[in-house]
Each structure stands twice: as structure tokens, then as C-alpha cells.
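Written below as C-alpha cells is the structure these notes are about.
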Amino acid sequence: AAVVTVHKKELSIGKRTVTSGCGQGTMFGDLMEEVDQIQLRKDVLLEDTNLFILLEKVRKHETIYKQAGAVHGCALCTLQGEILMFVEDVGRHNAVDAIAGHMWLDAIDGSDKVFYTTGRLTSEMVIKCAQMRIPFLVSRSGLTQMGYAIAQKVGITMLGRASGRHYLAFTGKERLLRTTPQPTALA
């Protein structure tokens, strides 16, 4: 907790936004107004064959998790499934922030990239992805309702439970290009 005393003046911390991160997070300021202004590219597509290539590369990637466990991994990838950057941390938000920092320092444009995470797709994860202007967010895990709502609002293609050759497309299905035959349903 922090207490700020200002001599004879009121101090306002701005608007408060409750997020769906680890339990319940709070962000201050006009964050949601900023998110509402974000425009993501609509002309980029992700082919399912490239998504499967990405999932296989992430699976084979040498990680701290394989040696010690208890960490989250995040990757910045191309639309062709190449891993550009991979970061692991005990906190998934730290891993996301590390990639965002690298992108900012190296002036990497996120508008044609895929962001992969091992963690849940919470509102905070979706907001950070939108701020990086990345149109595709993929996780081997699930999502929260608030993460879903924000992804739908800003137009992120959000894929969850992604592993092997399987995934669930929650939002932005119009950016997915199916090139592999789909299994037929049994009657």
C-alpha cells in the first residue's frame, strides 16, 4: 500500500479498472479508453498449417519448464510459425512485458505477428497484446470471460487450448485460413 500526502491539495489517481488477471487485478487511468482506440490490421491471415508449425516448434523449444517446471513461456512469432523471441518467467505477465520491451527497444512492428503464451488469456493478457498491436493471441490454456470480451471488442483473433493440431477459435475467426482437411463428424 502507498499513501501520498499532498499539502492542501486532493490527489486523484484516476479511473479504476478491475481486470481478470491473477484472481483480480486493478489498473488505474483511462486504460479502457486507450484500448478502445486501438486499431488492429484486418488484412493479415493465419493459415492453420502455420499455426500447427508454430505449436510444434514451441513444444520442441528447449525451456526452463522442461528442466524445472513452474514457469510460464511467451513467444513472439511470425505468421509462418517462426519463433522470433521466447521468454520464460515465473509470472506470465513478466514474460509478456519482457517481449513488449524488446519490441519497443528494437522497433518491432507487431501488426503481422502471433503472440503465444502458456498462460490463461485474461483481460490483462489481451490488453497487452492489443497495445503491442498483435492481431493473433494463442494459448495452450483457456480464457476468462473478460479476456474474451476485450478480444472481441478490439478484434484480436484469440485461440485457446492450442496443442498439436487442435485449437479453439474464440474470436476473430475471419482471420483464420483453413488449409488442412477438417475431420468429418460421425453420424
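The values are calculated or read from the model by the stated rules, or taken from the named source; none is laboratory data. Since we're looking at a predicted model, the values are computed, not measured. Cβ placement follows ideal geometry from the backbone for every residue including glycine, while neighbour counts extend to all protein chains displayed. Calculation scope for accessible area: heavy atoms of the full protein, side chains included, ligands and nucleic acids excluded. Shrake-Rupley method; radii C 1.70, N 1.55, O 1.52, S 1.80 Å.
Of note:
- Some residue of region 81-102 being within 22 Å of Gly142 (Cβ to Cβ) and assigned to a loop (DSSP other than H, G, I, E, B): yes
- Scanning region 51-73 for residues that are open to solvent by less than 30 Å² (accessible area, probe 1.4 Å) and modelled with pLDDT of 95 or more yields a total of 4.
- Where Leu137 falls short, out of the listed (1) aliphatic (A, V, I, L, M); (2) open to solvent by 70 Å² or more (accessible area, probe 1.4 Å); (3) assigned to a strand (DSSP E or B): (2)
- Hey, Phe28 under 20 Å from Leu137 (Cα atoms) and either modelled with pLDDT of 80 or more or out of contact with any helix residue (DSSP H, G or I) (no Cβ under 9 Å at 6 or more places or on another chain) (or both) or not: no
- Set Thr118, Thr157, Thr122: member being open to solvent by less than 10 Å² (accessible area, probe 1.4 Å) and at pLDDT below 95: Thr122
- Restricting attention to region 160-183, the residues being in contact (Cβ under 8 Å) with a residue 12 or more places away in the chain, assigned to a loop (DSSP other than H, G, I, E, B) and open to solvent by 80 Å² or more (accessible area, probe 1.4 Å) number 2.
- Scope region 74-109; condition open to solvent by 80 Å² or more (accessible area, probe 1.4 Å) and out of contact with any strand residue (DSSP E or B) (no Cβ under 9 Å at 6 or more places or on another chain); matching residues: Glu82, Trp104, Leu105, Asp106, Ala107, Asp109
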